[in-house]
Structure formats: structure tokens, C-alpha cells
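Since the structure comes first, as C-alpha cells, the remarks are kept for the end.
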Amino acid sequence: MANETKGALTLQDVRDRALAGTWIAWYNVPTTQDFSATNAWYAGGYTATISPAGTISKVDRIIFASDTATAVAKGPLSSSRYMHAATGNTTDAWYGGGAFGPSIIDSIERIIFASDTATAVSRGKLSPGATRLAAHGNTTDGWYGCGANPGALSSTTRITFSIDLSLAVQRGPLSTNIMYLSATGNMTDAYFGGGFYPYSAVSTVDRIIFSVDTATAVTKGPLSANRYQLAAHGSTTDAWYVGGTPSLPSGGIPTSTVQRIIFSVDTATAVTKGPLSGVKRGPTAGGNTTDAWIGGGLASSSPSDSAGYPTTVDRIIFSSDTATAAVRGPLSSGRYGLAAN
């Protein structure tokens, strides 16, 4: 058997380990840690719980394994923003677009998960800049879709993570102009769902196929109800769209609705699943392939209502998604219009 007292292996040691199946070849050694499978970062947003009310740069991190604890404050974004969008991979998150007061933002900021106590780093730019947009990506690229500048857009742009200092590249549009939408998907496709244009919420879902992303997005089965200012997260097989508010003139009253799309039958109408624990308008979602954590949002129709900013985080367990979402440890402060990865 192997003798490791000297910190070296003999040829006999190598043979013994190979026969026992305990030899780890160099090409099987993990080179990076998948932080996104174990943590979620909630960044930016707008709050009326502080004086004066306004847009913030705060970043909170939830550790999934201890999600009953209060989220930990990490290094902030380099600038305050809300109504922005986030995507990323296993090592980094990219927060793009949004607004600060009346100004629309085109910059993208990157959080490096392994050093998340530092201020986020400014990277490339969206073209055009947009607020009220959505984003989804795979391990190499992120797609930002639609939003407003100042009117609703149909355009999408792609950022390549390995060259993230460059201007995002224009890709094929969604099927219509839309803002206040949400996005999720898997490694091959992004599903942009819900939104608002021109005078009401919609139930439209558009699919971008990454390998042919210069074409117009394909309209798929709709959501089961019109929603805008909703959040979305998915697994490898399904997507969950949560919260939001229905068509005006309902007063922008938030809902707790959860709707699920099955990717393999994405022409069907989304199925209503177990609700959130409370109503949320303008929340965001982080998660992994088994669960989604829904944080932030308004429980009121008015952003000026300081009592309408719950700090609760709801967890949806995908395998039992007919149950009401479980309340988990809170964010460090309430806000809406934030983004998570």
C-alpha cells in the first residue's frame, strides 16, 4: 500500500492507487470552485427604509447551506443602481445596466466571488444602455435583453466573459419591444418572460438559442398570467417565474404567483405552482439547480411606502414546488429593483 510519510509516491504507490481506483489524474483535479452553486449575491436596488430614500450599491451574500442566517454584507458595487440585470458563471457575476435617478446606465460591473469583499470592478458596456432589463447566460457568455432607454427596446446584447472589457455585441432581437421583464434558462437557451409594453403587463415568453443568437427570438408558450416586475430562476430542465404585478390599472398591486415552464415542452402555457410566502413586486432570484432563493421586492404598490420593503427571502425547492415557498434568513435590508446571481 502507499507510503506517504515522505510526501512522495513511488511507482508501486501509483500502481496500487490505480488498481484501487483512488488515483486522481491531473486532468480530473478541479481548477476552480463553483461558488455559484453554493452562494448568491444580491446587489443594488432602491429603498425607502433609509433617509433619504434612494438607490444603493449594497451587496448581500446568502450561503445556501446556512440560509436561515441574515445575509452577509460584501464589497459594494462601484456605483449605486437599480432596475439592472445580472448574469455570470461559476467564478464571477456581471451586473449591467440599470438607472441612478433619471440617468440610464450602460456600464457593467463584475464581482469576483473569491474576493467578494472588494468593490466590484467596472468592465465593458452595454449597447445601448438600458434600465428595466433582464439577463441570462452560460459558462462563457451573458445575454442582456430589452429594457428601456427611455422607451421600451427589443434589442439584446451579448457579453463574452473572457473579454469583458469590450463593448457588448448586438444580437438578434426579442419578438417585441418590452421592459420590466425577467430571464432565466439553461446552458443552451435563455427564456425572457413577462414584462410591460405598451400599456399593460404581458405573458409573452421569448427563447434565445445561444448557438443562433443573431436570429429574432422565438415566441414560446406564454406565462399563465400577465406579469411585470417579476423574477425568474431555473434548473437544467425548468424555469420558475415569480411574483410581479398584473396589468394596470390595478394600481401595481404585487402578487405571490409562481409559474413554471418545462423547457422540453415550452410551447405549452406555464403551470401555476405553490406561491411565495408573501406578495413581491420587483424582487430578484438567485439559486442553483435544485432551489431558488427569492429576495427583495415591494409588498406595496408604492416605492415610497417604507413599510412595504420586506427583508424576507423565500426558497422554492424545485422537487416540491407545489408547496408554499419557505421563509429563510433575511437580507440585511429591504429593497426592490435589485439583481442577483
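The values are calculated or read from the model by the stated rules, or taken from the named source; none is laboratory data. All of these numbers come straight from a predicted model, not from anything done at the bench. With ideal geometry, Cβ positions are generated from the backbone for all residues, glycine too; neighbour counts draw on all protein chains shown.
Give the residue, chosen from Ile112, Ile104, Ile163, that is farther than 22 Å from Ser211 by Cα and surrounded by fewer than 18 Cβ atoms within 10 Å (Cβ to Cβ). The conditions single out Ile112.
Of all residues in the range 236-249, count the ones that are part of a loop (DSSP other than H, G, I, E, B) and surrounded by 19 or more Cβ atoms within 10 Å (Cβ to Cβ). Residues meeting the conditions: 2. Within the range 216-258, the set of residues being without any contact (Cβ under 8 Å) to a residue 40 or more places away in the chain and either among the small types (Gly, Ala, Ser) or touching a Phe, Trp or Tyr at 6+ places or on another chain (Cβ under 6 Å) (or both) comprises Ser250, Ser256. Within the range 98-138, the set of residues being part of a loop (DSSP other than H, G, I, E, B) and closer than 22 Å to Gln170 by Cβ comprises Gly98, Ile105, Asp106, Leu126, Ser127, Pro128, Gly129, Ala130, Arg132, Leu133, Asn138.
Taking Ala65, is it under 17 Å from the mean Cα position of the chain (by Cα) and either at pLDDT 95 or above or farther than 18 Å from Leu181 by Cβ (or both)?
So Ala65 fails the test.
Based on what the data block shows, is Thr156 in contact with a Ser or Thr (Cβ under 7 Å, 6 or more places away or on another chain) and in contact (Cβ under 8 Å) with a residue 12 or more places away in the chain? Judged against the criteria, Thr156 is not a match. Residues that are assigned by TED's automatic domain parsing to the domain that holds Arg335, under 15 Å from the mean Cα position of the chain (by Cα) and of a type in the set (Val, Ile, Thr) do occur in the range 106-115, at least one of them. Checked against the criterion of being of a type in the set (Val, Ile, Thr), farther than 29 Å from Thr204 by Cα and modelled with pLDDT of 95 or more, the candidates Ile112, Ile108 yield just one match: Ile112. Number of residues in the range 83-101 that are at positive phi and either surrounded by fewer than 16 Cβ atoms within 10 Å (Cβ to Cβ) or modelled with pLDDT under 95 (or both): the value is 1. You will find that of Ser66, Ser80, Ser127, the residue that is surrounded by 14 or more Cβ atoms within 10 Å (Cβ to Cβ) and closer than 20 Å to Gly295 by Cβ is Ser80 and no other.
Number of residues in the range 185-215 that are in contact (Cβ under 8 Å) with a residue 24 or more places away in the chain and either surrounded by 14 or more Cβ atoms within 10 Å (Cβ to Cβ) or part of a strand (DSSP E or B) (or both) equals 21.
Each residue in the range 37-83 was checked for being without any contact (Cβ under 8 Å) to a residue 60 or more places away in the chain and not in a strand (DSSP E or B), and 11 pass. The numbered conditions (1) without any contact (Cβ under 8 Å) to a residue 40 or more places away in the chain; (2) surrounded by fewer than 18 Cβ atoms within 10 Å (Cβ to Cβ) are all true for Ile178 except (2).
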